[in-house]
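Here's the structure, in structure tokens; my notes come after.
The values are calculated or read from the model by the stated rules, or taken from the named source; none is laboratory data. Values in this document were obtained by computation on a predicted structure and should not be read as measured data. Positions of Cβ are generated from backbone atoms using ideal geometry, with glycine treated the same way; all protein chains shown enter the neighbour counts. Just so you know, the surface numbers come from the protein's heavy atoms only, side chains and all, with ligands and any DNA or RNA stripped out. Shrake-Rupley method; radii C 1.70, N 1.55, O 1.52, S 1.80 Å.
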Amino acid sequence: MGMPTVAIVGRPNVGKSTIFNRIVGERISIVEDEPGVTRDRIYGTGEWLTTYFHVIDTGGIDIGDAPFLEEVRQQAEIAIEEADVIIFVNSREGVTSADEEVAKILFRSKKPVVLAVNKVDNPEMRSQIYDFYSLGFGEPFPISGSHGLGLGDLLDEVIKHFPADHGDPYDEDVIKFSLIGRPNVGKSSLVNALLGEERVIVSPIAGTTRDAVDTPYIVDGQEYVIIDTAGMRKRGKVYESTEKYSVLRALKAIERSDVVLVVLDGEEGIREQDKRIAGYAHEAGRAIIIVVNKWDAVEKDEKTMRNFEEKIRDQFQFLDYAPIVFLSAKTKKRIGTLLPAIQMASENHARRVQSSVLNEVILDAAAMNPAPADKGKRLKVYYATQVSVKPPTFVVFVNEPELMHFSYERFLRNTIRQAFEFEGTPLKIIARKRK
Ligand code: GDP
Ligand code: GDP
């Protein structure tokens, strides 16, 4: 079902981004040192008492040139649409008309709202929170984002309102995939093209209303589920047009997928936002296929495809493992290559390799190509083992994990790729000290 989502809402300057940073902190990710992945500091993952959740700082959602009140209002609407729980942030300095405006919108939504009064930097200030009862969301939680006070009590309350997790409703052998990309690259057209022929719609699973947004179907005996088809089709609402909203939508779909199709517009070329969206899928450790759509509309000679491919490899260096498929949703040319690619990527994403073979490969490579010495010390690789799948994750036992530099990690990763079938999936490598 995916992690629950918490949205932080409130007018500017109440301290939303400060609180966001407190909750999200600095989390370690698999793309830590990789170039090309732009961090977007309005989405993050929070953890409280071993419960993980998405956090959105709605203050970072750019609505364009909307006037102040309109902007605050639209951010609140997005929060309502996307969040399971809303943290409504106010400032101890007092309730303003903008706060009341937001309160009205949140109240109508019937979503669980936890009221925070920020900038309560010391206990004497606690007496000032009583005014906030008037907002109608019950007990206000006094916090100080900048001092990190009161956040525990606030999060205790937040996680109380999380929906029960029903787990993944699909069988293990069902391949779940999603299509992500900027608006108008042709995601919904692609879904329609895919579903056009030979499809058997499987009835939605009873009791899982949230999954009615997914489209299950079977081709040649293999069951697939297209994740969040409804979200892709949703149109016309204000936030559809905001760039960051489509990123949010993509994030949620990514999380529930095995394979992610990063859809590009062959006619328009590659944009910065394409990279950001792809970066999220990579970071989430999903199998990835790059789909260049609208290839029918591109004027081509024998070099065009190759040139485009080179451009993709150059701009998406972190996706060196992802196959590229050129096709047209409109004419359906090469649509047939998509499902086999998805199936291949999904198999590789779940692939386990034998420890004995893995060790032979890794130790041979390390012997042939030892790590360079760093300040007189040299990394030694002792043995390796695959600890998990989706994505395949390898622990490499070494003398000093700090000596494992990015370039050597990449060398080991490439070594594993060359020895086994891992096309389409990222590989994760963790260096650990041998005990
Ligand atoms: P946002 O616009 O709601 O995201 O607000 P920011 O997080 O950018 O904070 C606005 C201002 O309030 C900044 O100058 C922060 O340093 C300050 N601020 C945030 N949290 C606190 C707090 O707990 N106490 C005090 N005194 N100032 C804070
Ligand atoms: P989405 O916003 O990513 O779901 O994009 P849509 O599927 O709504 O497509 C956006 C526009 O691109 C529509 O006008 C489609 O007709 C057009 N389009 C989609 N796929 C293709 C294609 O393969 N070739 C051409 N020429 N146009 C396409």
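What to note about this one:
- Mean separation of Cα contacts under 8 Å (6+ apart) over length of segment 5-160, as relative contact order %: 26 percent
- Point-to-point label distance, Thr337-Lys160, nm (Cα→Cβ direction, 7 Å offset): 5.6 nm
- Shape of segment 275-374, Cα gyration tensor, a/c cut at 1.5: prolate
- Calculated [θ] (222 nm, deg cm²/dmol) that DSSP helices of n ≥ 4 give over the chain, each run adding -39,500 (n - 2.57): -9500 deg cm²/dmol
- Largest-first ordering by accessible area, 1.4 Å probe, given options Arg434, Arg182, Arg92: Arg434, Arg92, Arg182
- Solvent-accessible area of Glu70 with every protein chain in place, 1.4 Å probe, in Å² to the nearest 10: 60 Å²
- A quarter of the convex hull surface defined by the alpha-carbon atoms of the chain gives 25.0 nm² as the mean projection.
- By DSSP, the beta bridges lying fully in segment 355-433 are antiparallel in about 55 percent of cases.
- Within the chain, helices built from complete DSSP H runs that reach 18 Å or longer along their own axis (Cα positions) and carry a mean Kyte-Doolittle hydropathy of 0.5 or higher are 355-368.
- Here the chain carries DSSP beta bridges of which approximately 35% are antiparallel, counting only pairs with both residues inside.
- Segment 355-433, relative contact order in percent, only Cα pairs under 8 angstrom and at least six apart counted: 32 percent
- Bridging of Lys375 to lysines at a Cα separation below 28 Å is possible for Lys428, Lys433, Lys435, once same-chain residues fewer than 8 apart are set aside.
- Per-residue SASA remark: Tyr130, around 140 Å² accessible (1.4 Å probe; ligands, DNA and RNA not included).
- Counting only heavy atoms of the protein chains and using a 1.4 Å probe, Val120 has close to 10 Å² of accessible surface.
- Å² of accessible area per residue within the chain, as computed with a 1.4 Å probe and no ligands counted: 47 Å²
- What a 1.4 Å probe finds exposed on the chain is 48% carbon and sulfur by accessible area, rounded to a whole percent.
- For the pair Tyr133 and Lys311, a Förster radius of 60 Å applied to the C-beta separation gives a FRET efficiency near 0.55, rounded to the nearest 0.05.
- Taking every alpha-carbon pair under 8 Å whose residues sit at least 6 apart, the chain reaches a relative contact order of 13 percent.
- Ranked by solvent-accessible area (1.4 Å probe, protein heavy atoms only, all chains present), the residues Arg352, Arg286, Arg334 order from largest to smallest as Arg352, Arg334, Arg286.
- Probe 1.4 Å, all protein chains present, accessible-area order of Met125, Met368, largest first: Met368, Met125
- Out-of-range pairs (alpha-carbon distance over 31 Å; input Lys16/Lys110; Lys311/Lys377; Lys160/Lys275; Lys311/Lys380; Lys110/Lys275): Lys311/Lys377; Lys160/Lys275; Lys311/Lys380; Lys110/Lys275
- Using Cβ point charges alone (K and R +1, D and E -1), the dipole size of the chain about the Cα centre works out to roughly 620 debye.
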